[in-house]
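Enquirer: First the structure, then my questions, so here it is.
The values are calculated or read from the model by the stated rules, or taken from the named source; none is laboratory data. Small disclaimer: the values here were computed from a predicted structure and weren't measured. Glycine gets a Cβ as well: all are built from the backbone with ideal geometry, and neighbour counts include every protein chain shown. To get the accessible areas, we keep the full protein, side chains included, count just its heavy atoms, and leave off ligands, DNA and RNA. Shrake-Rupley method; radii C 1.70, N 1.55, O 1.52, S 1.80 Å.
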Amino acid sequence: MSNIANETPAMLKDMLSKALLKRIKKESFDIGYDVPQEMFKNLIEELHAKYGQTVVVLIDEYDKPILDHLDDTKTAAANRKVLRGFYGILKSMDPHLRLTFITGITKFTKTSIFSDMNNLSDITFSKKYSGICGISTSDLDECFAEHVKSLSAAEGFECSDGLRGKILAWYDGYSWDGRTQLLNPFSLLSFFDKESIANYWFASGTPNFLMGLMKEKPSAYTNLKNLEITELMLDLATIEKITVELLLFQTGYLTVKEVRKTDGAPVWV
């Protein structure tokens, strides 16, 4: 969704249609609709019929058309309505789908966007998937040992452990469960490519909407240690009520130190 222009709801609809039309033309399908959700629905059905296999749908940054307008809640709400209709067809497409995987920054409630999709499984904090979105230290040692060794000599380290420690100090500590520690993939790979320690993720990955919110009240975000995020805070997040603390947590700038239980409910610290 990052490549879909969304300045207005009309533009969002138009760009969704154009993106789908590219795939429709590539497959030589005859789909006579210009409404995004109908095009999406028919494309899935046609793909299933053509290849005889159920379809995998991958949607990255599902919430970008909303987050781009957090300073204009009217447009954000209108774009949310468009997305609700667009994503909503996936429920009826279940017989044609093998897997639907949706990623985004915010955890807007299912009733907010995915009101018709009660079959979604939120794996954000699932223990089974706590290590899928990053590079583990064992991955670092197994897959990048030669890179670390080569760079260690070039940087004047007596052994690889010295540079390894520096890499971990800069890029380790990304965690969603307080136990599984991961390295940021973009930063680590950029380091090996540039052969220089730097804030690669901040320089290229910081969302504009996040910086805009922080600029409104910078003094409130100078000390965010021991911040607690509850499941209720995540579930109640809306366009009108979403805090910078929550966004920092969900974008990975605040990592999880531990998970506590309060009255049986998880609290991320």
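Enquirer: How much of the DSSP beta bridge set in the chain is antiparallel, as a percent to the nearest 5?
Expert: Counting DSSP beta bridges with both partners in the chain, the antiparallel share is about 65 percent.
Enquirer: While we're looking at this one, here's another question. By a straight-distance test (C-alpha under 22 Å), which lysines pair with Lys22 as possible cross-link partners, with residues fewer than eight away in the same chain excluded?
Expert: Lys13, Lys41, Lys50, Lys64
Enquirer: If Lys and Arg each add +1 and Asp and Glu each add -1, what is the summed charge of the other residues whose beta carbon sits under 9 Å from the beta carbon of Pro36?
Expert: Cβ neighbours under 9 Å give a net charge of -2.
Enquirer: Pop out the ³J(HN,Hα) list for the stretch 173-180 in order, Karplus 6.51 cos²θ - 1.76 cosθ + 1.60 with θ = phi - 60°, rounded to Hz; leave Gly and Pro as x.
Expert: For the stretch 173-180, the Karplus curve yields x, 7, 8, 10, 10, x, 10, 7 Hz.
Enquirer: Here is a follow-up. Tell me, what HN-Hα J-couplings in whole Hz come from the Karplus equation 6.51 cos²θ - 1.76 cosθ + 1.60 at θ = phi - 60° for each residue of the stretch 96-101, using x for Gly and Pro?
Expert: Whole-Hz 3J(HN,Hα) from phi for the stretch 96-101: 9, 10, 8, 7, 10, 10.
Enquirer: Right, next: With +1 on the Cβ of every Lys and Arg and -1 on the Cβ of every Asp and Glu, and nothing else charged, how large is the dipole of the stretch 123-269 about its Cα centre, in debye rounded to the nearest 20?
Expert: Dipole magnitude for the stretch 123-269 comes out near 340 debye.
Enquirer: Got the relative contact order for the chain handy, in percent, Cα pairs under 8 Å and 6 or more residues apart?
Expert: RCO, the chain: 17 percent.
Enquirer: On average, how much accessible surface per residue is there in the chain, in Å², for a 1.4 Å probe, leaving out ligands, DNA and RNA?
Expert: Dividing the accessible area of the chain by its residue count gives 59 Å².
Enquirer: So what's the angle, to the nearest 10 degrees on a 0 to 90 scale, between helix 73-92 and the longest Cα principal axis of the chain?
Expert: 70 degrees
Enquirer: Any chance you could check the Cα centroid distance between the stretch 188-203 and the stretch 33-58 for me, in angstrom?
Expert: The stretch 188-203 and the stretch 33-58 have Cα centres spaced 39 Å from each other.
Enquirer: Taking a ≥ b ≥ c as the square roots of the Cα gyration tensor eigenvalues, with a/c under 1.5 meaning rounded and otherwise prolate when a/b beats b/c, else oblate, which class fits the stretch 158-269?
Expert: It is oblate, given that a/c is not under 1.5 and a/b is not larger than b/c.
Enquirer: A further question follows. Near Ile135, within a Cβ-to-Cβ distance under 12 Å, what is the net charge of the other residues, with Lys and Arg +1 and Asp and Glu -1?
Expert: Net charge around Ile135: -4.
Enquirer: Could you report the accessible area of Val56 in Å², rounded to 10, computed with a 1.4 Å probe on the protein chains as they sit in the structure?
Expert: 70 Å²
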